[in-house]
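The structure under discussion appears below in the form of structure tokens.
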Amino acid sequence: MSHKRIPKRKAAIALGGVAALGAAALLLPHANASQDGGDTAAAAPKTLKAADASDLASQLQNLLGEAFAGSYYDTGSKQLVVNVVDVSGDRNNVIVQAEKAGAKIREVENSTAELEAAAKTLKADATIPGTAWAVDPRTNKILVTADSTVTGGKWDRLESTVRGLGDGTATIKKSAGTFKTFASGGDAIFAGGARCSLGFNVTAGDGSPAFLTAGHCGVAAEAWSDSEAGEPIATVDQAVFPGNGDFALVKYDDPATVAPSEVDLGQQTVQISQAADATVGTQVFRMGSTTGLADGQVLGLDATVNYPEGTVTGLIQTDVCAEPGDSGGSLFTQDGLAIGLTSGGSGDCTAGGETFFQPVTTALEAVGATLGDGGAGAGVGADDGVGGEEAGAGADAGADAGAGDGADAGAGAAEEAGGDAGAGDGAAEEAGQAAGGQDAGGDAGADAGVGAEGHNGGGVQDDSGLTETH
């Protein structure tokens with residue numbers, strides 16, 4: 001699968017509407033701006049970029065050992081806040097070192113071990129479909145969420161379990177939506193009746209080009225195509241779902257496929273420099289073909305989500321909106337760090353909700369892949385990510401195939417608004433092909449435009465919430 005750029009059509013930037021443009025505006029002025037503070041006292045907290053804060057948090061976790069009780073990034077002050085427990089009256093030397101490193105130290109009640117023990121209790125006593133929990137270092141508690149299906153005896157059981165954890169250990173809230181995976185669309189990769197999103201382009205351990213996507217897509221089908229009725233262009237190599245993650249490595253069948261590391265937002269290309277761990281409080285951006293570009297914050301880490309299909313652990317919890325069709329899309333920062341792959345959640349981009357992402361670092365380690373050409377940073381497969389120049393031709397052909405001018409405009413919108421960023425390369429191609437091959441007629445153009453990668457809403461989602469069927 002390859003790609004040549006489709007002429008940009010500003011009028012077609014309907015993808016994501018005001019929300020997409022607003023998120024893009026946040027990215028534009030700050031892409032490479034340094035937020036380092038000026039002259040301050042040696043022990044005063046430093047102002048840091050989110051990427052630097054994430055690196056410092058990892059270092060201090062090792063330095064502090066059992067005293068470390070989580071950390072988060074304060075976006076207002078641009079400071080890293082590190083929670084600690086058991087700080088002696090004379091402030092031990094390790095804490096002093098942490099302050100000198102630039103972190104703001106905060107004493108809290110719950111240790112990491114205590115919160116982990118509480119999470120184990122929730123797993124043992126409250127693994128109920130429609131529930132989720134994650135550690136929130138800002139409150140030093142576990143945030144427990146129940147969707148709209150958790151009622152009656154199930155709610156009583158969950159509430160009782162949370163109360164049993166003790167005061168000050170966990171909070172519980174209800175979500176208006178239903179937890180489900182978002183695999184009814186994406187960068188328009190197809191396998192039979194299934195349709196998902198291509199996430200980040202990577203290099204597999206054997207040096208071959210590949211991409212990451214959601215694991216629930218990888219277990220749904222083995223061979224994937226870039227058009228609904230097209231020949232397969234990639235084959236699933238590894239997939240995990242449910243269980244310890246939601247990720248899949250899919251290798252391109254053509255070893256000559258080119259997969260660069262960038263997210264094309266249409267009016268701006270964000271270069272992906274490396275994969276990074278999420279930090280609570282960090283502003284993140286998600287690109288998806290259903291809802292385009294959206295932004296929000298990381299709310300919790302090591303989240304456990306009880307989907308109808310089974311329990312998934314080790315996810316990132318955010319307040320970034322997403323809808324069916326965004327599954328597998330990329331989560332990244334304005335500094336060009338690849339953070340996650342869209343897994344699932346509840347709500348939509350009108351009412352909001354909770355969304356969960358597979359950490360990219362964990363997925364890369366598990367499948368033995370590296371971002372892009374094998375360096376520390378490659379990855380969000382923008383349009384060009386999937387391949388070279390035929391993708392554009394495919395996009396035009398797909399548009400011409402059934403949607404005419406509307407589909408072509410939609411494909412243009414997919415590229416303009418960042419159709420590639422949501423999945424990997426080939427987004428614009430899929431936009432055209434999906435528009436022409438799947439949603440012939442006026443719908444195609446509109447859907448391709450709204451769905452950066454040509455992730456149309458033409459199908460009907462099955463009861464499992466895993467895939468969109470046609």
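The strands (runs of 3 or more DSSP E) found wholly in segment 113-197 and carrying at least 2 residues that are at pLDDT 90 or above occupy 131-136, 141-146, 170-174. Look at (1) within 20 Å of residue 364 (Cα to Cα); (2) out of contact with any Phe, Trp or Tyr (no Cβ under 9 Å at 6 or more places or on another chain) and you find that residue 171 fails only one, number (1).
No other residue among 234, 229, 259 is more than 30 Å from residue 350 (Cβ to Cβ), of a type outside the set (Lys, Arg), touching an Asp or Glu at 6+ places or on another chain (Cβ under 7 Å) and at pLDDT below 85 apart from 259.
Residue-by-condition table, conditions (1) modelled with pLDDT under 95; (2) not in a loop (DSSP other than H, G, I, E, B):
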| position | (1), (2) |
| --- | --- |
| 312 | no, yes |
| 317 | no, yes |
| 322 | yes, no |
| 378 | yes, no |
| 401 | yes, yes |
| 407 | yes, yes |
| 415 | yes, yes |
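State whether the residues of segment 290-306 include one that is modelled with pLDDT of 85 or more, out of contact with any strand residue (DSSP E or B) (no Cβ under 6 Å at 6 or more places or on another chain) and small (Gly, Ala, Ser). No - not one qualifying residue is present in segment 290-306. Of all residues in segment 338-363, those satisfying the criterion of being part of a strand (DSSP E or B) and hydroxyl-bearing (Ser, Thr, Tyr) are 342, 343, 355.
For segment 70-87: of the residues being under 24 Å from the mean Cα position of the chain (by Cα) and polar (S, T, N, Q), which is modelled with the lowest pLDDT? It comes out as 75. Among the residues of segment 204-227, those that are surrounded by fewer than 22 Cβ atoms within 10 Å (Cβ to Cβ) and over 25 Å from residue 355 (Cα atoms) comprise 204, 205, 206, 207, 208, 222, 223, 225. Of all residues in segment 269-300, those being under 17 Å from residue 344 (Cβ atoms) and aliphatic (A, V, I, L, M) number 6. Listed by position, the strands (runs of 3 or more DSSP E) contained in segment 199-308 that have at least 3 residues being among the polar types (S, T, N, Q) and either farther than 15 Å from residue 338 by Cβ or touching a Ser or Thr at 6+ places or on another chain (Cβ under 6 Å) (or both) are 292-307. When the test is whether a residue is more than 16 Å from residue 290 (Cα to Cα), of a type in the set (D, E, K, R) and surrounded by fewer than 24 Cβ atoms within 10 Å (Cβ to Cβ), residue 365 passes it. Identify the residue in segment 104-143 that is polar (S, T, N, Q) and more than 22 Å from residue 57 (Cα to Cα) and, among all such residues, is surrounded by the fewest Cβ atoms within 10 Å (Cβ to Cβ). Filtering first and then ranking leaves 127. Looking only at segment 190-218, which residues are under 15 Å from the mean Cα position of the chain (by Cα), over 12 Å from residue 249 (Cα atoms) and small (Gly, Ala, Ser)? 197, the sole residue that qualifies.
The values are calculated or read from the model by the stated rules, or taken from the named source; none is laboratory data. A quick note: this is a predicted structure, and the numbers were derived from the prediction, not measured. Cβ sites come from the backbone with ideal geometry, for glycine too, and all protein chains shown count toward neighbours.
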